[in-house]
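Computed from the coordinates by the stated procedures, all read-outs in this text should not be read as laboratory data. It should be emphasised that the depicted structure is a prediction, and the values quoted were computed from it without experimental measurement. A quick note on method: Cβ atoms are made from the backbone with ideal geometry, for glycine too, and the neighbour counts reach across all protein chains shown.
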Amino acid sequence: MIAAPAFEITAVPALQDNYIWIIHNDRHAAVVDPGEAEPVLAFLNAHRLQLEAILCTHRHPDHTGGIAALREVYNVPVYGRRHPGNPHITHDLREGGQLKLKPLGIVFDIIETPGHLNDHLAYIAPGILFCGDVLFGAGCGRNFEGTLAQLHHSLQRLAQLPGDTRVYCAHEYTAANLRFALACEPGNPDVQHRIAATQKLRAANQPTVPSTIALEKATNPFLRCTHPEIISTLQQRGLTDTSELGVSELGVFTALRAWRNQF
């Protein structure tokens, strides 16, 4: 029997639609992608927590904007992929590395997940995935750097995690992404059920994340590029190759991402 973790993970809303994730027990905390400092400081003060570390998935300002102010109060290490555009990183993380947060009793495996930005990382522990802007609820990030093949590969790596892995992404995009998922695959009952569940959560002002890898594989079109209804939808829209050689998975993914950009 697996013991329950000795920590909690709390979503702190920030900016327009970001979530800052705070990993904490009754004394210590680590923060993931603090786009602004004020809500983090308020949470730490309200719960009388000592900040121990800052984890960064990538360098976009809505993920790093609060780091400098937090470090003025708590001079803690900042973990992430070192990049000239992110001067905050004090501890460089790379593919295959680990991050041990001893005060919280958690060890993360690090994988590099390019395709949104080149410096993007994912933090993985048993049952836990912090995926920044690569994987969203029912969607995926835009391809700002690198190639769509890299983004597709990054998503495929995350999809191989156990189905019960909780997916802690960085934005409340699920409702909008599900509208696209329904357009891609109107006959998918799992998408329809998730839309109803999402509406209930948002009506109660509750986050729609974390989801799970299993739920994403059932409802996220970017993880379902081999499913016939999605391919058929794209073919009807003239968005994929219909040659006798068939449609490549990357070709479907590319068409989906281009359509989603304009949806």
Has the stretch 60-82 got at least one residue that is over 23 Å from VAL107 (Cα atoms) and in contact with a strand residue (DSSP E or B) (Cβ under 6 Å, 6 or more places away or on another chain)? yes
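Could you check the stretch 85-96 and list, in sequence order, the residues that are of a type outside the set (Lys, Arg), touching a residue at least 12 places away in the same chain (Cβ under 8 Å) and within 16 Å of HIS58 (Cα to Cα)? Reasoning before the result, please.
Step one: filter the stretch 85-96 for residues of a type outside the set (Lys, Arg), giving 85-93, 95-96.
Filter once more, so that each one left must be touching a residue at least 12 places away in the same chain (Cβ under 8 Å): 85-86, 88-93, 95-96.
If the condition is that a residue be of a type outside the set (Lys, Arg), touching a residue at least 12 places away in the same chain (Cβ under 8 Å) and within 16 Å of HIS58 (Cα to Cα), then GLY85, ASN86, HIS88, ILE89, THR90, HIS91, ASP92, LEU93, GLU95 are the ones that fit.
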Of everything in the stretch 43-67, what is in contact (Cβ under 8 Å) with a residue 60 or more places away in the chain and closer than 22 Å to ARG27 by Cβ? Give them in sequence order. LEU55
Restricting attention to the stretch 178-197, report how many residues are part of a helix (DSSP H, G or I) and either surrounded by fewer than 20 Cβ atoms within 10 Å (Cβ to Cβ) or touching a residue at least 60 places away in the same chain (Cβ under 8 Å) (or both). 12
